[in-house]
Structures are given as C-alpha cells and as structure tokens.
Amino acid sequence: AKAFHRGKAVLFAPDHEAALRRHAAVEQALRRADLATEFHLLYQPIVDVAGGQVEAYEALARWNSPTLGAVSPADFIPVAERSGLILDLTRVLLAKALDAVRGWPADRRLSFNLSAHDIATPESVEALIALVVASGIDPSRIVFEVTETGLMRDLGDARRALSALKSLGPCIALDDFGTGYSSLSYLKRLPVDRLKIDRSFVTQLDGDETSLAIVRAILDLCRHLSLDCIVEGVETTEQMLLLRSVGCRSMQGYLFGKPMPSGEIAAFEAMVAGR
Ligand code: C2E
Ligand code: CA
Ligand code: CA
Ligand code: CA
C-alpha cells in the first residue's frame with residue numbers, strides 16, 4: 001500500500017499495513033467459515049439496580065475461527081458488513097439467540113444487536129421478522145439494538161425498517177448514545193424506545209463533572225421523551241452509586257456480570273435471587 005507525497009511514493013505507517021493484512025485475513029476466513037458451528041453468542045445481563053433484578057440479556061457474538069482462533073466482534077462485524085456476509089451471520093445468530101431464550105425465565109428480554117445492513121431493505125427486515133415469528137417467542141420480549149452511525153445514510157429508510165420491526169412487538173434501542181454526530185435528530189426521527197448511554201461517559205465519571213452532567217442531561221431527556229435509559233460499561237461500585245444517585249436504574253457492565261454462555265444463566269439468576 002503506497003501513498004503519494006510530493007510525487008514520491010511513501011509507505012503507509014506499518015500499523016496501517018498490518019491492519020490491512022489483518023482485514024484481508026479475517027475476510028478470507030469469514031468467507032470460508034461455517035457460520036452455524038464457528039459462531040456462538042454470549043449473554044450479558046442488564047439489571048434494574050433499584051429492584052435488584054435482571055431485566056434482559058444482551059447477545060454478543062463470538063467467533064472461534066479454525067485458522068485465526070478467537071476473533072473479536074469489533075474485528076469481524078465491520079468485515080462482515082463490508083463483504084456482504086452480515087445478513088447471513090445475523091440470521092444465524094438471531095436463530096441461535098431465539099433458541100436460547102426458550103430456557104430463560106419468562107419475563108427476561110433478549111437484546112440483540114443489528115447492523116444497519118440488516119435493516120437496509122424491506123426483504124432483510126422481513127427475514128428477521130420471519131425468524132422471530134417462526135421461533136414462537138413472544139416478540140415483545142425482544143429488543144433490537146441499533147447504532148446511530150450505522151444508520152446515517154438514509155433516516156427515512158431506517159425509520160420505515162424500524163417501524164416494520166416494531167409492528168410485530170419488539171422494541172428498539174439506540175446503542176452507543178452520545179458518540180455519534182446527530183444523536184438528537186435520530187431521536188426525533190426514529191421510532192426509538194430506549195437509549196443506551198455509551199460506556200465512554202461512565203469511564204470518565206471519576207473526577208469528571210462534565211460526564212456526570214451529560215449523563216444527568218440524557219436521563220432528563222429520556223424522562224421527557226418517555227424513553228428507557230440504560231448505562232453501559234459499569235465496572236465499579238463507585239460508578240454504580242454515582243449513577244444511581246442521579247436516577248439511573250438500568251445498568252450493564254462487568255460489575256453485574258460479564259457476557260456468559262446461555263447455559264450459565266440459570267446459575268446466575270439463582271445467585272442474584274439469593275443475594
Ligand atoms: P456494544 O453493542 O456496545 O456491546 C458492548 C460491548 O462492551 C461488548 O463488547 C461487551 O462485552 C463490552 N462490555 C460490557 N460491559 C463492559 C464493561 O463493564 N467494561 C468494558 N470494558 N466492556 C464492557 P464485545 O462483546 O466485544 O462487542 C463489541 C461490539 O461488537 C458491540 O458493542 C457491538 O457493536 C458489536 N457486536 C457484538 N455482537 C454483535 C452482533 O451479534 N451483531 C452485531 N451487528 N454487532 C455485534
Ligand atoms: Ca449493543
Ligand atoms: Ca453499546
Ligand atoms: Ca458499539
């Protein structure tokens with residue numbers, strides 16, 4: 001990879017070269033991957049700190065590639081999106097998640113991440129709806145998480161797609177809230193039911209009054225717009241107490257539970273109940 005600078009070829013920074021090679025390797029492995037066996041989901045609890053209960057579990061994808069080993073979703077999701085493999089991957093994962101939900105307590109919700117590509121056409125939305133219907137799971141137990149940056153291209157299409165998903169019963173969460181460029185116009189134009197405040201605000205809570213003020217303002221906004229609000233990435237008791245003191249109820253983070261296999265949820269629930 002070469003860039004031209006004053007007529008002379010200069011190499012990109014070595015880490016950029018490495019990133020390109022990695023991307024190519026991930027793409028190649030992904031094209032050959034057996035999605036049904038190489039991918040699985042872990043589930044991270046979302047808790048109601050006021051009621052001391054688990055509300056939902058967010059499904060988080062994991063890939064064990066026979067050639068590359070464990071690959072993080074931060075690496076393979078963007079590659080899957082660019083190579084057009086994301087639609088198949090999402091369908092395989094959603095089917096697995098819906099299957100897992102069968103074994104959970106009846107009122108626990110499933111929060112499932114969608115890529116913007118997954119809702120880019122009426123056909124792809126229909127495919128998701130068909131999976132939910134076929135599963136027999138009560139659709140109102142499902143939350144679809146979408147990120148604002150991914151939807152940037154066409155808000156009108158995004159609004160129609162999300163409305164179609166919602167008409168079946170699921171609700172929509174706007175993920176990573178506060179990190180995009182147009183959070184507020186998204187709120188106005190998309191049929192969103194809940195916001196997930198990005199982890200970066202929580203990370204900066206310690207000794208940073210601005211971050212707490214921003215969290216407070218988002219909570220106010222949610223109250224006025226009747227949106228549920230979830231804070232992500234809560235790692236310490238101090239953070240939890242500070243967030244609770246400004247009115248946060250729903251939280252997610254390593255403090256409460258790391259992403260776990262569905263088979264560990266029963267034991268986790270028993271532990272929470274006995275606490
Ligand atoms: P996300 O949707 O914002 O998910 C939250 C990420 O933060 C997860 O990383 C989770 O493991 C991590 N996390 C949770 N609590 C804490 C904490 O207390 N501290 C820290 N440091 N991290 C915490 P993960 O599993 O690596 O996923 C990364 C991203 O990949 C996700 O961010 C999401 O955007 C994407 N992703 C994961 N699974 C899927 C999927 O099935 N479909 C799609 N489209 N995207 C997915
Ligand atoms: Ca998410
Ligand atoms: Ca997030
Ligand atoms: Ca994210």
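Identify, please: which residue in segment 159-186 is farther than 17 Å from LEU114 by Cα and either of a type in the set (A, V, I, L, M) or in contact (Cβ under 8 Å) with a residue 40 or more places away in the chain (or both) and is, among those, most open to solvent (accessible area, probe 1.4 Å)? The selected residue is LEU184. Inside segment 186-237, residues that are in a loop (DSSP other than H, G, I, E, B) and either within 16 Å of ligand 1 (Cβ to nearest atom) or of a type in the set (Gly, Ala, Ser) (or both) make up a count of 12.
The sole residue among ILE214, ILE218, ILE230, ILE265 that is within 16 Å of ligand 2 (Cβ to nearest atom) and either farther than 18 Å from GLY52 by Cβ or among the aliphatic types (A, V, I, L, M) (or both) is ILE230.
Within segment 238-275, the residues that satisfy the criterion of being closer than 18 Å to ALA213 by Cα and among the basic types (Lys, Arg) are ARG244, ARG249. From the list GLY156, GLY84, GLY150, the lone residue that is within 15 Å of ligand 4 (Cβ to nearest atom), modelled with pLDDT under 95 and surrounded by fewer than 22 Cβ atoms within 10 Å (Cβ to Cβ) is GLY150. Would you check which residues across segment 233-263 are touching a helix residue (DSSP H, G or I) at 6+ places or on another chain (Cβ under 8 Å), in contact (Cβ under 8 Å) with a residue 40 or more places away in the chain and either open to solvent by 10 Å² or more (accessible area, probe 1.4 Å) or over 17 Å from ILE197 (Cα atoms) (or both) and list them? Correct list: GLY257, MET260, SER262.
Residues that are surrounded by fewer than 17 Cβ atoms within 10 Å (Cβ to Cβ) and away from ligand 2 (no atom under 16 Å from the Cβ) are absent from segment 110-120.
For segment 159-179, filtered to residues that are within 16 Å of ligand 4 (Cβ to nearest atom) and within 14 Å of the chain's Cα centre (by Cα), the residue that is modelled with the lowest pLDDT is THR179.
For segment 43-61, a residue qualifies if it is within 20 Å of PRO259 (Cα to Cα), more than 14 Å from ligand 2 (Cβ to nearest atom) and of a type outside the set (Asp, Glu), and the qualifying residues are VAL47, VAL49, GLY52, GLN53, VAL54. In the set (1) open to solvent by less than 50 Å² (accessible area, probe 1.4 Å); (2) near ligand 1 (Cβ under 9 Å from one of its atoms), ALA74 fails one condition alone, (1). Any residue at all in segment 43-61 that is surrounded by 19 or more Cβ atoms within 10 Å (Cβ to Cβ) and part of a helix (DSSP H, G or I)? The answer is no, given that none of the residues of segment 43-61 is surrounded by 19 or more Cβ atoms within 10 Å (Cβ to Cβ) and part of a helix (DSSP H, G or I).
The values are calculated or read from the model by the stated rules, or taken from the named source; none is laboratory data. Computed from a predicted structure; not experimentally measured. Cβ coordinates were reconstructed from backbone atoms using ideal geometry, including for glycine residues, and neighbour counts include every protein chain displayed. For accessibility, only protein heavy atoms count, side chains too; no ligands or nucleic acids. Shrake-Rupley method; radii C 1.70, N 1.55, O 1.52, S 1.80 Å.
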